[in-house]
Amino acid sequence: QVQLVESGGGLVQPGGSLRLSCEASGFTLDRFDIGWFRQAPGKEREGVSCISRSDGTTYYADFVKGRFTISRDNAKNVVYLQMNSLKPEDATVYYCARAGPANICSRYGHRPPLYNLWGQGTQVTVSS
């Protein structure tokens with residue numbers, strides 16, 4: 001079946017690190033732009049990062065730039081989000097998603113309506 005599954009969330013202290021994984025099943029992940037989003041209770045889903053299918057270029061939201069890194073492992077059909085220097089405000093549910101058949105990974109293109117397949121989410125908690 002066609003699906004995305006996130007993993008790697010958990011509890012970390014402020015300043016710590018986590019690596020989230022997004023594993024694809026039923027399709028070849030590197031044929032699509034892939035994005036990471038997060039959503040806190042009562043707030044809209046916001047873009048975190050994305051990686052392009054065409055040339056591997058990446059986009060990062062200002063609030064994670066310099067701290068998070070998105071990458072692909074094509075052999076494993078997985079996209080990662082390395083999260084360093086975590087802050088309490090980073091704590092929420094993180095989702096990966098697959099875009100449609102277009103290159104959309106940019107400040108303006110990385111929006112939920114342009115993604116057509118979503119994972120179930122993984123919880124990140126940042127606390128002392």
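Arrange the residues 71, 21 by how much accessible surface each exposes, largest first, with a 1.4 angstrom probe.
Descending accessible area places them as 71, 21.
Tell me which lysines have Cα within less than 22 Å of residue 65's Cα, excluding those fewer than 8 residues away on the same chain?
Straight-line reach from residue 65, under 22 Å: 43, 87.
Which of the trypsin sites (Lys or Arg not before Pro) found in region 48-95 are loop residues per DSSP with 10 or fewer other Cβ atoms within 10 Å of their Cβ?
Filter output for region 48-95: 65.
For a quick check of your reading of the filter: which chymotrypsin sites (Phe, Trp or Tyr not before Pro) in region 1-110 sit in a DSSP loop and have no more than 15 other Cβ atoms within 10 Å? Display every interim value, and only then the final one.
On the way: sites: 27, 32, 36, 37, 59, 60, 63, 68, 80, 94, 95, 108; in loops: 27, 32, 63, 108.
Here the chymotrypsin sites (Phe, Trp or Tyr not before Pro) that fit, given the DSSP loop and packing criteria, are 27, 63, 108.
What does the net charge come to around residue 68 if you take all other residues with beta carbon closer than 15 Å to its beta carbon, with K and R at +1 and D and E at -1? Mind showing how you got there, number by number?
Values: positive: 19, 38, 65, 67, 72, 87; negative: 6, 46, 62, 89, 90.
Net charge around residue 68: +1.
Relative contact order for region 72-128: what percent, with Cα pairs under 8 Å and sequence separation of 6 or more?
42 percent
Alpha carbons only, please: Rg and Dmax for region 76-128, in angstrom.
So, for region 76-128, Rg and Dmax equal 13.3, 42 Å respectively.
I'd like the carbon and sulfur percentage of the solvent accessible area for region 1-40, probe radius 1.4 Å, heavy atoms only, ligands and nucleic acids excluded.
Numbers: 770 of 1860 Å².
C and S fraction of accessible area: 42 percent.
Identify which of 74, 103, 84 has the largest mean-square fluctuation in a Gaussian network model of the chain, with springs joining Cα atoms closer than 10 Å.
Looking only at 74, 103, 84, the largest GNM fluctuation is found for 74.
Restricting attention to region 21-128, which GluC sites (Glu not before Pro) occupy a DSSP loop and are surrounded by at most 12 other Cβ atoms within 10 Å?
Numbers: sites: 23, 44, 46, 89; in loops: 44.
Those satisfying the criteria are 44.
Leaving out ligands, DNA and RNA, what percent of the accessible area of region 43-123 is carbon and sulfur, probe 1.4 Å? It would help to have the intermediate numbers written out before the result.
On the way: 2000 of 4140 Å².
Summing carbon and sulfur atoms, their accessible area is 48 percent of the total for region 43-123.
Sequence neighbours fewer than 8 away in the same chain don't count; with that in mind, list the lysines whose C-alpha is under 17 Å from residue 76.
none
The values are calculated or read from the model by the stated rules, or taken from the named source; none is laboratory data. Everything quoted here is computed from the prediction, not taken from an experiment. Heads up, the Cβs are rebuilt from the backbone with ideal geometry, glycines too, and the neighbour counts pull from every protein chain shown. Remember, those area values only see protein heavy atoms, side chains included, never the ligands or the DNA or RNA. Shrake-Rupley method; radii C 1.70, N 1.55, O 1.52, S 1.80 Å.
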